[in-house]
Amino acid sequence: MSEYPSKIKTRKYFIAAILLFIVQMLLGLVMSVMFLARDSSTNLPLTFDILKALHLNLMVLWLLLGFIGGLYYLLPVEAGRDILHPHLIDIQFWFLLLIGIGIIFSEIFFTGRNWWLVEGREYLEAGRLWDILLTVGLLSVVYNVLATILESKNKLSSPILVLAAGAIGSILMYVPGEIWFDSIVAAEYFRWWVVHYWVEASFELIAAGVIALILLAMTQVRREIIEKYLAIEVALILLTGIIGQGHHYYWIGTPDFWIFLGGLFSALEPVPLFLMVWSAYIDLKENKKPIPNKVVLYMIIGATIGNFVGAGLWGFIHTLPQINFFTHGTQITSSHAHFATPGTYLLLVIGIAYLAIPEISGRWNFSQYRGKIGFWLLVIGFMNMIIALLIAGIIQVYQQRVEGLSFMSVQNTLLPYFEWRLIGGLIAFAGGLLIAYDLILISIIKVNST
């Protein structure tokens with residue numbers, strides 16, 4: 001039995017997150033087939049735009065559930081006490097899950113019919129009703145986290161404060177998306193406050209805090225080393241994440257100074273996080289400290305590399321304004337998206353799950369080979385997708401924007417790369433299924449509470 005009973009309640013968050021990811025991947029595979037069939041021979045009741053909206057919103061839902069589960073799992077140890085209101089953990093899970101189901105149902109049946117149920121803006125498709133309910137749900141999570149921190153028996157640590165800042169930022173940065181503007185430029189300007197500041201500010205803070213806590217829990221690396229790099233990471237997130245927003249403002253009618261600022265501040269934030277994990281890895285290697293749960297180490301190292309290369313370098317290469325002028329809206333953007341988000345946040349959520357579920361279920365000595373195989377299948381699958389989309393994007397830029405060929409003519413040239421992307425997706429999907437099966441298998445044990 002855990003010293004902190006509320007930890008047991010987080011298991012459902014991780015299982016739901018990985019299952020929702022599987023559904024998201026399945027929709028992605030369907031869309032990959034539609035790219036090849038040109039939507040003519042699939043005979044599906046849902047159009048491509050609705051499938052894409054579902055694909056994106058499922059990602060947001062499993063990310064939220066995974067991060068909230070991670071918050072509730074990691075907080076008690078650092079705070080030196082259990083979650084102050086453990087019953088809210090269950091209520092919030094079902095509340096957020098019902099909101100997610102409501103968003104999905106609305107997008108399938110009410111797109112273009114009801115503004116309160118579906119707004120239709122890319123990435124912010126959820127209607128105003130779901131916006132309000134989601135804000136209430138997230139506020140209740142922040143309340144529970146802050147109440148627990150304020151009642152903490154221990155001195156407040158840097159990772160906990162960073163996690164709390166990320167959670168609060170998630171709410172603050174969601175509010176601009178709930179404001180409607182008559183000007184399409186103003187609407188686009190503040191839409192990116194939600195999309196960018198969630199992914200490249202609030203979620204980055206949460207990711208940094210979670211990685212720091214996992215390293216502290218799994219290794220014997222000195223706390224001051226972890227917290228030093230964490231402080232640098234937070235400073236760079238606040239600097240580059242906030243001002244780096246400018247790379248979304250190049251072509252929507254904003255002032256010219258955003259071109260300079262957006263190009264300058266778009267690549268530095270992953271550097272200290274990479275150094276933090278690298279320092280921990282070198283310390284482990286030099287001192288030969290055993291790590292019983294190597295699957296978590298795989299996921300954390302993978303997430304750090306994904307963040308550094310996928311979000312940082314991959315993003316920086318095509319967010320320079322001189323390059324983005326040609327690459328904007330091409331498959332290069334899709335390559336970056338499929339590198340940065342799964343490469344960072346997916347592996348991080350799975351890593352937390354592999355840390356939490358064995359402890360919650362009392363399965364410390366679980367077999368790790370399925371998790372390792374699943375990890376490599378995900379990596380190989382996504383890297384095939386990323387490279388295929390990158391090459392397709394380069395060809396698209398040259399043929400469409402240099403030679404001036406029509407959009408549909410270029411699509412014919414890209415078909416082999418879309419086939420390659422589909423093969424990569426199938427490999428990654430197999431890895432996701434194996435990991436979901438493994439986590440469910442580990443969790444099948446009687447516990448005193450759910």
For this session: Note down all Cβ pairs under 6 Å where the first residue falls in region 54-66 and is of a type in the set (Phe, Trp, Tyr), the second is in a helix (DSSP H, G or I), and they're at least six residues apart or on different chains.
Result: 62/17; 62/20; 62/21
Exercise. Would you call residue 205 in contact (Cβ under 8 Å) with a residue 40 or more places away in the chain, surrounded by 24 or more Cβ atoms within 10 Å (Cβ to Cβ) and assigned to a helix (DSSP H, G or I)?
Worked result: yes
Exercise. How many of the residues in region 361-386 are at pLDDT 90 or above and either closer than 16 Å to residue 292 by Cα or touching a strand residue (DSSP E or B) at 6+ places or on another chain (Cβ under 7 Å) (or both)?
Worked result: 5
For this session: Determine if region 73-91 includes at least one residue that is under 16 Å from the mean Cα position of the chain (by Cα) and over 30 Å from residue 33 (Cβ atoms).
Result: no
Seminar exercise, completed: With criteria (1) surrounded by 16 or more Cβ atoms within 10 Å (Cβ to Cβ); (2) more than 22 Å from the chain's Cα centre (by Cα), residue 233 comes up short on (2)
For this session: Could you name every one of the helices (runs of 4 or more DSSP H) located completely within region 342-443 that has at least 3 residues being touching a Lys or Arg at 6+ places or on another chain (Cβ under 7 Å) and farther than 21 Å from residue 61 by Cα?
Result: 369-396, 407-443
Seminar exercise, completed: Within region 126-182, the residues that are more than 25 Å from residue 109 (Cβ to Cβ), assigned to a loop (DSSP other than H, G, I, E, B) and in contact (Cβ under 8 Å) with a residue 24 or more places away in the chain are 151, 152, 153, 154, 157, 173
For this session: Kindly indicate the residue of region 330-365 that is small (Gly, Ala, Ser), farther than 18 Å from residue 10 by Cα and surrounded by 24 or more Cβ atoms within 10 Å (Cβ to Cβ) and also nearest to the chain's Cα centre (by Cα) among those meeting that condition.
Result: 343
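Here is a yes/no grid of residues against (1) more than 16 Å from residue 120 (Cα to Cα); (2) modelled with pLDDT under 85:
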{"position": "178", "(1), (2)": "no, yes"}
{"position": "197", "(1), (2)": "yes, yes"}
{"position": "202", "(1), (2)": "yes, yes"}
{"position": "214", "(1), (2)": "yes, no"}
Exercise. Taking residue 150 and the conditions (1) modelled with pLDDT of 85 or more; (2) of a type outside the set (Val, Ile, Thr); (3) touching a helix residue (DSSP H, G or I) at 6+ places or on another chain (Cβ under 8 Å), which numbered condition does it fall short on, given that it satisfies the others?
Worked result: (3)
Exercise. List the pairs whose first member sits in region 98-111 and is closer than 20 Å to residue 19 by Cα, whose second member is outside any helix (DSSP H, G or I) and of a type outside the set (A, V, I, L, M), and whose Cβ atoms are under 6 Å apart, counting only residues at least 6 apart or on separate chains?
Worked result: 107/125
For this session: With the condition kept exactly as written, say whether any residue in region 279-288 is assigned to a helix (DSSP H, G or I), outside the structural domain of residue 72 (by TED's automatic domain parsing), within 23 Å of residue 205 (Cα to Cα) and free of Cβ contacts under 8 Å to residues at least 24 places away in the same chain.
Result: yes
Exercise. What number of residues in region 131-189 are within 30 Å of residue 255 (Cβ to Cβ) and of a type in the set (Val, Ile, Thr)?
Worked result: 6
Problem set entry | Filtered residue count, region 224-243, keeping only those that are over 15 Å from residue 205 (Cα atoms) and in contact with a Ser or Thr (Cβ under 8 Å, 6 or more places away or on another chain) | 1
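The values are calculated or read from the model by the stated rules, or taken from the named source; none is laboratory data. Values in this document were obtained by computation on a predicted structure and should not be read as measured data. Glycine also receives a Cβ, built like all others from the backbone with ideal geometry; neighbour counts cover every protein chain displayed.
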